[in-house]
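A.B. asks: Handing you this structure, nothing more for now.
The values are calculated or read from the model by the stated rules, or taken from the named source; none is laboratory data. Computed from a predicted model, the values in this text were never measured in an experiment. Cβ sites come from the backbone with ideal geometry, for glycine too, and all protein chains shown count toward neighbours. Side chains included, ligands, DNA and RNA excluded: accessible areas come from the protein's heavy atoms. Shrake-Rupley method; radii C 1.70, N 1.55, O 1.52, S 1.80 Å.
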Amino acid sequence: MAGQHSLFLIKPDGVERQLQQAVVEAAQEAGLAVVCRHRLRLDEEEVVQAWADTRRTEHPLEHLSLDLWYGGRPMEMLVVRGPEALTQADRVKSRVRAAYRLGPFANVLHTPDHTGEFDLQLSVFGRGCSTCSALVETDFGDYATVPQAYPPGTLLPDAWRDIDLLRKQVQPLWDDPSSCFWRPTYPAPYRGETPAGPRDHALYIAASPHQLSFDNLVGALLTALPEIGFSHALELIISALHHRDFTLAVGTAEECERYRGALMAQGLNTPIRTLAQDSLRREAQMESAGLTDFPAA
């Protein structure tokens, strides 16, 4: 039964911009019928349960982003039915995001990737609805033993596992509409302090690293790039979500090879190019974004 169903969670930006009908029409064009529809305001505990496949104690930064974006804000859920519903819903999400996306968070729409995620999230989003409850095939109990979505990887250092401490660091950026959370930004790449030669190479993320959590990603930078600050690491990772590829660090060829080895071990695809190649790439990114100035590498 679950394989014939999926759901759309219309995010706060989608509701604010009144894009619900655009989502419904895109779903119908894909052969999906809306079988249930709810308005939602998730509290903190419901966010924890709906994303219990990303344990809060291990991924506090990921959960903080969920709290800030979803917690207490108006959203809408559509349950849909049709052949290959999960696949079709994912295609609808891609089309809708391509048309209306404003950034890595303000991207209108969420859909589950697989039947387990559909089951988990519907158990929370559809709570109290007999139609939705009939589609949930798993009793999640207290949500403490849900299989985890992200593979084991580097997490944040213990000093940064306190979600209240993280909130103090992240909230000012989140509240700033010109910050990396909402607009493409170009923070200066990381540099080691004492290069043993010319800094003529650059290390970059080849594609948006959605296969890892924010905690994995920021933790990887904190581990691989000596003495990088938390705020710098966070801004580099969030900025990377805006771009097809993004410069993380510059240094000597030897330094970049060392950084690359450490980051590849964490699951990040981080090729190296010369600084001349990197400058041309960054200029092209800035031109496409309509910007004229950016931090020098």
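A.B. asks: Around Phe8, with a cut-off of 9 angstrom between Cβ atoms, what is the net charge of the other residues, counting Lys and Arg +1 and Asp and Glu -1?
C.D. replies: 0
A.B. asks: With each label point set 7 Å from Cα along the Cα-Cβ vector, what nm distance links Ala276 and Gln4?
C.D. replies: Inter-label distance under the simple model: 6.3 nm.
A.B. asks: Taking H placed 1.01 Å from N in the peptide plane, check which residues at least 5 places from Val80 or on another chain put their amide H under 5 Å from its amide H.
C.D. replies: Ser6, Leu7, Phe8, Val35
A.B. asks: Do the sum for the chain: with -39,500 (n - 2.57) for every DSSP H run of n ≥ 4, divided by all residues, what is the mean residue ellipticity at 222 nm, to the nearest 500 deg cm²/dmol?
C.D. replies: Counting only the DSSP helices, I get -13000 deg cm²/dmol.
A.B. asks: Name the residues whose placed amide hydrogens come within less than 5 Å of the amide hydrogen of Ala249, ignoring near sequence neighbours (fewer than 5 apart) on the same chain.
C.D. replies: Tyr190, Leu203
A.B. asks: Now, a different point. With a 1.4 Å probe and every protein chain kept in, tell me what percent of the accessible surface of the chain is carbon plus sulfur.
C.D. replies: Result for the chain: 49 percent of the exposed heavy-atom area is carbon or sulfur.
A.B. asks: Still on this structure, I have one more. Output the relative contact order of the chain, whole-number percent, from Cα pairs under 8 angstrom with separation of 6+ residues.
C.D. replies: Computed over the chain, the figure is 20 percent.
A.B. asks: Another question about this same structure. Under a point spin-label approximation (7 Å from Cα along Cα-to-Cβ), what is the Asn269-Leu165 distance to one decimal in nm?
C.D. replies: Here the modelled spin labels are 3.4 nm apart.
A.B. asks: Putting +1 on Lys and Arg Cβ atoms and -1 on Asp and Glu Cβ atoms, find which of Ala188, Asn107, Ala159 reaches farthest to the positive end of the dipole of the chain.
C.D. replies: Value computed over the given set: Asn107.
A.B. asks: Also, quick follow-up: What is the packing order of peptides 16-26, 265-275, 135-145, taking the mean over residues of other C-beta atoms within 10 Å and listing the highest first?
C.D. replies: Packing order, densest peptide first, comes out as 265-275, 16-26, 135-145.
A.B. asks: From the list [x] 37, 21, 17; [y] 55, 20, 16; [z] 29, 24, 17, can you say which value of semi-axes √(5λ) of the Cα gyration tensor in Å was derived from the structure given?
C.D. replies: Label [x] holds the value from this structure.
A.B. asks: Could you tell me the accessible area of Trp182 in Å² (1.4 Å probe, neighbours in place), rounded to the nearest ten?
C.D. replies: 40 Å²
A.B. asks: How much length is gained on full extension from Gln211 to Glu29, taking 0.36 nm per residue of separation minus their Cα-Cα distance?
C.D. replies: Extra length available between Gln211 and Glu29 comes to 62.6 nm.
A.B. asks: Sort by residue number and name the cysteines in the chain that have no neighbouring cysteine Cβ under 4.7 Å.
C.D. replies: For the chain, the answer is Cys36, Cys180, Cys256, because their Cβ atoms have no other cysteine Cβ under 4.7 Å.
A.B. asks: Cα centroids of the range 176-232 and the range 79-96: how far apart, whole angstrom?
C.D. replies: Comparing the Cα centres of the range 176-232 and the range 79-96, I get a distance of 34 Å.
A.B. asks: Further question on the same structure: In nanometres, what is the gap between the two model label sites at Leu102 and Asp43, each 7 Å from Cα along Cα-to-Cβ?
C.D. replies: So the two model labels end up 2.8 nm from each other.
A.B. asks: Nearest 20 debye, what's the magnitude of the dipole of the chain about its Cα centre given +1 on Lys and Arg Cβ and -1 on Asp and Glu Cβ?
C.D. replies: Magnitude of the dipole: close to 700 debye.
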